[in-house]
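Data block below; observations after.
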Amino acid sequence: MIQCPKCSFEQPDQHTECPRCGIIIDKYRRLQDNIPEAKTSAAVQAEPAPGMAETIKALLFYVKPETNPLIFGGRALFFLIIFIWGLKFIFMPMSSNYVFESIWHLINLPFHEFGHILFRPFGRLMTSLGGSITQVLMPVICLAVFLIKNRDPFAASFSLWWTGQNFMDLAPYINDARSLTLPLLGGNTGRTSPYGFHDWEFILKETKLLQYDQVLANFADTLGTLLMICAFVWGGYILFKQYKNLKESVACHSGDG
């Protein structure tokens, strides 16, 4: 094991880049060796605090030095599943109602309904809007917990995927604000339900934005697509870093043998 000369994080000998602070270890040591001897010891010891960019990079792309092959294999399989599933969400047209027929709609629905209860003290408009807010907020909360508390960017990337899927889930509902043909909870449609039962009909009428229902729906769908693509790139990069660690670990053990 070696110790990072900058943040003192212990890691395997074969590591060239510190997974915690992101420095290239050999390059950092060479730079330190080139510091003029005239500098006082106090100046040498006064290491600059990591910048915002370094902190964010360490937070978003942290991987443990050691990679468990079984966990890596499971994550790779999971990534493949959500990648294929995500492509279906992206390429299926909104009019197909594929999103509403997906099991993810049933997963999102309880959070949506809870949001109506949560926002009820803030008036009727916020009660209607609270369902959509809470539906999107739940995966965002999971993302923050995985990223900050658990230091698990791969799980956080899936939460970002889920956030994108929630925006796609809302898009057909927003798009239905004028046509009112989409089946709602209980089997009714907006046309056969009392005013206010269809969330987005009520929200857009009350805010005088009903004529923009399709624009807002397309925006939600596009935003969901972009978030999913970002999740693919993020999760794939984390897997790539873990794969590199796995290869280095195998090579190291082969050399020891």
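The values are calculated or read from the model by the stated rules, or taken from the named source; none is laboratory data. Just so we're clear, the structure is a prediction, and the values are computed from it rather than from any experiment. Positions of Cβ are backbone-derived with ideal geometry, glycine not excepted, and every protein chain shown enters the neighbour counts. Side chains included, ligands, DNA and RNA excluded: accessible areas come from the protein's heavy atoms. Shrake-Rupley method; radii C 1.70, N 1.55, O 1.52, S 1.80 Å.
Key figures for this structure:
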item: Positive-end residue of Asn245, Ala155, Asn188, charge dipole of the range 129-257 with Cβ unit charges; result: Asn245
item: Simple spin-label estimate for Val140 and Lys57 in nanometres, 7 Å along Cα-Cβ; result: 2.8 nm
item: Full-stretch length increase - Glu66, Arg124 - with 0.36 nm per residue and alpha-carbon distance subtracted; result: 15.7 nm
item: Accessible surface, the range 83-175, averaged per residue in Å² (probe 1.4 Å); result: 48 Å²
item: Set of lysines with alpha-carbon distance to Lys6 below 30 Å, sequence-local pairs under 8 removed; result: Lys27, Lys39, Lys57, Lys64, Lys149, Lys241, Lys244, Lys247
item: Accessible area in the full protein assembly, largest first, 1.4 Å probe, for Cys18, Cys230; result: Cys230, Cys18
item: Glu201, Glu206, ranked by accessible area, largest first (probe 1.4 Å); result: Glu206, Glu201
item: Calculated FRET value between Asn188 and Glu17, using beta carbons and R₀ = 45 Å, to 0.05; result: 0.20
item: Computed lengthening from Phe114 to Ile24, 0.36 nm per intervening residue step minus Cα-Cα distance; result: 27.6 nm
item: The range 89-148: mean projected area of Cα convex hull, nm²; result: 5.4 nm²
item: The range 150-257: C-alpha pair distances exceeding 21 Å, %; result: 55 percent
item: Accessible surface of Asp176 - all protein chains present, 1.4 Å probe, nearest 10 Å²; result: 10 Å²
item: Solvent-accessible surface (1.4 angstrom probe) belonging to Arg178, in square angstrom, nearest 10; result: 120 Å²
